[in-house]
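A.B. asks: Take a look at this one; I'll ask things after.
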Amino acid sequence: MSKTIRVVSVGPALDVQGGVSRVICMIKEHLPEHIRFRHIATFTRYTGAAETHSSDRGNWLVQSLIFCGAVVRITFLALCRRSVFHVHFSSRGSLLRKGLICIILRTLRCRYAVHSHAAGTDLFHAWFPQSGRRLVLWGIRGAGRVIVLTQFWYDHYATSLDVSPSRMLLLPNPADLPSCLPDRTHRQGVRLLFLGRIGERKGAFDLIRAFAALPDSIRLSSHLTLAGDGDVGAAQELCAQLGCSDLVTTSSWVGVAKVHQLLAESDIFMLPSHAEGMAMSLVEAMSWGLAVVTTGVGGAGEFLEHRRNSMLVKPGDVQEISEAISELACDPELRLRLGLAGRETISRFGIETYVVKLSGLYEALGTTTPSSPSAGLSNFGQNNNTAPFIGSSAIDRDNHCER
């Protein structure tokens, strides 16, 4: 019988809109029974203008109190010295919050791993002082493992954080593959889908401009759906200015069930991002066998190949995005071929393999002594830090179902 490992996950609340919460939920749902998992939320709603519309923005005072409460709970558990901590961080405000927590964990000589989900290489606010940056990075570097999403981020953090490659772990975001794919062979028209934060970074406005620039013969038989948080109002205004409002649906963030419905009903997934960590929406779209039009930012080019399992475009190139849509709209066989190849590629990131890898990390950390949290990890993961694929699994190319 496996030894019980207590894991404390630290990150956004599980119902917060975004890929990080989705990853944490998947981890929670699939871990083996001997790993006792609990999650401590450092915030429950975004407060920054870049993250969400003002009507959905959280109150600074409330979120500050939630964070303070999280710090107290984490400190108590750290003093008990019975848990392994898994700290999820992104950039700027997220890094400051999690950096403070990592400072506490390192000071108390706890066993912990940090998991980067940052989309850009500018981790800190420009105004944040160098002395503060050094202290935050000291806390991050104290982790037994620094988990990154692609080889691009592996190389970047090994340099920027001055972390030994032996303490880096390459673990791409997981795919929870549906058991069968919808039949897209006899559909009328083309449905395009964008999921994520609506704004400049993910290329939502570039996408709207590209859609509006389509030839009438293609645009009038197509429909674009944008679902997510962010500047939904600005997207609606841009559609109105470009005269394509009747062919575009915009909505706020939707739940997992609705996401799966949209993925099943769509033909092409659009994510022309300017910067990414490793987008969960892209992973899910490929899991559902959708042809994808995206960019190679953040290391996506390590598992995406133009015209084999995706259509890759340059960030911000509206004309190239429009041309990719036109080609896929006119060639249903190409859409189906790219979708199946994408599904085969992303099957290598299956949640089952991911959980085995992560469980091994938890067990390795759990068997170290609190006074020396990095001991005993020297051989863990050493054969898995040079490629973005964490395993492989074959899929049945005929695993379609009516939807």
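No lab work stands behind these numbers, since they all come straight from the coordinates. Predicted, not measured: the structure shown is a model, and the values here were computed from it. Counting neighbours? That spans all protein chains shown, and the Cβs are built from the backbone with ideal geometry, glycine included.
A.B. asks: Dipole magnitude of region 184-327 about its Cα centre, charges +1 at Lys/Arg Cβ and -1 at Asp/Glu Cβ only, in debye to the nearest 20?
C.D. replies: The calculation lands at about 280 debye.
A.B. asks: List, largest first, the extents of the alpha carbons of region 123-277 along their principal axes, each in whole Å.
C.D. replies: 56, 41, 26
A.B. asks: Now for a separate question. Rounded, prolate or oblate for region 181-348? Axes are the square roots of the Cα gyration tensor eigenvalues, ordered a ≥ b ≥ c, and the cut-off for rounded is a/c under 1.5.
C.D. replies: It is rounded, given that a/c, with a ≥ b ≥ c, falls under 1.5.
A.B. asks: What is the set of long-range amide H partners of Ile35 at a cut-off below 5 Å, with H atoms built 1.01 Å from backbone N?
C.D. replies: Under 5 Å from the amide H of Ile35 lie the amide H atoms of Ile5, each far enough along the sequence or on another chain.
A.B. asks: Then there's this: By the scheme Lys and Arg +1, Asp and Glu -1, what is the net charge of all other residues having a beta-carbon under 12 Å from that of Phe128? The partial results should precede the final answer.
C.D. replies: On the way: positive: Arg92, Arg133, Arg134; negative: Asp122.
Taking every Cβ under 12 Å from that of Phe128, the sum is +2.
A.B. asks: For a quick protection proxy, order the peptides 170-181, 75-86 by their average other-Cβ count within 10 Å, most packed first.
C.D. replies: Top of the packing list down: 170-181, 75-86.
A.B. asks: Rg and Dmax of the chain, using alpha carbons, in Å: what are they?
C.D. replies: When restricted to the Cα atoms of the chain, Rg and Dmax are 21.4, 68 Å.
A.B. asks: If you don't mind, another one. Mind running the shape call on region 274-335? Use the C-alpha gyration tensor, a ≥ b ≥ c as the square roots of the eigenvalues: rounded below 1.5 for a/c, prolate if a/b tops b/c, oblate otherwise.
C.D. replies: oblate
A.B. asks: Next up: Pull out the extension gain between Ser245 and His125, defined as 0.36 nm times the separation in residues minus the alpha carbon to alpha carbon distance; nm, one decimal.
C.D. replies: So the chain would gain 39.6 nm between Ser245 and His125.
A.B. asks: Counting other C-beta atoms within 10 Å, and keeping those with at most 14, which DSSP coil chymotrypsin sites (Phe, Trp or Tyr not before Pro) do you find in region 116-218? If you can, show how the numbers build up before the last one.
C.D. replies: On the way: sites: Phe124, Trp127, Trp138, Phe152, Trp153, Tyr154, Tyr157, Phe194, Phe205, Phe211; in loops: Phe124, Trp127.
Here the sparse-neighbourhood loop sites are Trp127.
A.B. asks: Related question: Determine, from the Cβ-Cβ distance of Leu65 and Glu237 and an R0 of 22 Å, the FRET efficiency 1/(1 + (r/R0)^6), rounded to the nearest 0.05. Kindly include the intermediate steps, with their values, before the conclusion.
C.D. replies: On the way: r = 35 Å, r/R0 = 1.60.
Taking R0 as 22 Å, the efficiency between Leu65 and Glu237 is 0.05.
A.B. asks: Express in nm, to one decimal, how much length is gained between Arg82 and Arg187 on full extension, taking 0.36 nm for each residue of separation and deducting their alpha carbon distance.
C.D. replies: That pair, Arg82 and Arg187, stretches by 32.3 nm at full extension.
A.B. asks: Measure off 7 Å from each Cα along the Cα-to-Cβ vector at Arg6 and Asp155, then give the distance between these two points in nanometres to one decimal.
C.D. replies: 4.2 nm
A.B. asks: Given the DSSP H assignment, sum -39500 (n - 2.57) over each helix run of at least 4 residues in the chain and divide by its residue total; what's the result at 222 nm in deg cm²/dmol, nearest 500?
C.D. replies: The helix contribution divided over the chain gives -12000 deg cm²/dmol.
A.B. asks: Mind checking the dipole of the chain: about its Cα centre, +1 per Lys or Arg Cβ, -1 per Asp or Glu Cβ, Debye to the nearest 20? Before the final figure, lay out the partial values.
C.D. replies: Values: 41 positive and 35 negative charges, 447 e Å.
For the chain, the charge dipole is close to 2140 debye.
A.B. asks: Give, in whole angstrom and from largest to smallest, the semi-axes √(5λ) of the equivalent ellipsoid of region 301-352, with λ running over the eigenvalues of the Cα gyration tensor.
C.D. replies: 22, 15, 7
A.B. asks: With each label point set 7 Å from Cα along the Cα-Cβ vector, what nm distance links Asp15 and Ser252?
C.D. replies: 1.3 nm
A.B. asks: If I model region 251-374 as equal point scatterers sitting on the Cα atoms and use the Debye formula, what is log10 I(q)/I(0) at q = 0.20, 0.21 Å⁻¹?
C.D. replies: The Cα Debye sum returns log10 ratios of -1.12, -1.21.
A.B. asks: Over the chain, what is the mean sequence separation of C-alpha contacts under 8 Å (at least six apart), divided by residue count, expressed as relative contact order in percent? List each step's numbers first, then the result.
C.D. replies: Working: 779 pairs, mean separation 72.6, N = 403.
The value is 18 percent.
A.B. asks: Glu327 to Trp138: FRET efficiency via 1/(1 + (r/R0)^6), r the Cβ-Cβ distance, R0 56 Å, to the nearest 0.05?
C.D. replies: Computed FRET efficiency for Glu327 and Trp138 comes out at 0.65.
A.B. asks: Roughly speaking, what is the stretch gain from Lys314 to Leu108, that is 0.36 nm per residue apart minus the C-alpha to C-alpha distance, in nm to one decimal? Before the final figure, lay out the partial values.
C.D. replies: Numbers: separation 206, 0.36 × 206 = 74.16 nm, distance 4.59 nm.
Length gained, Lys314 through Leu108: 69.6 nm.
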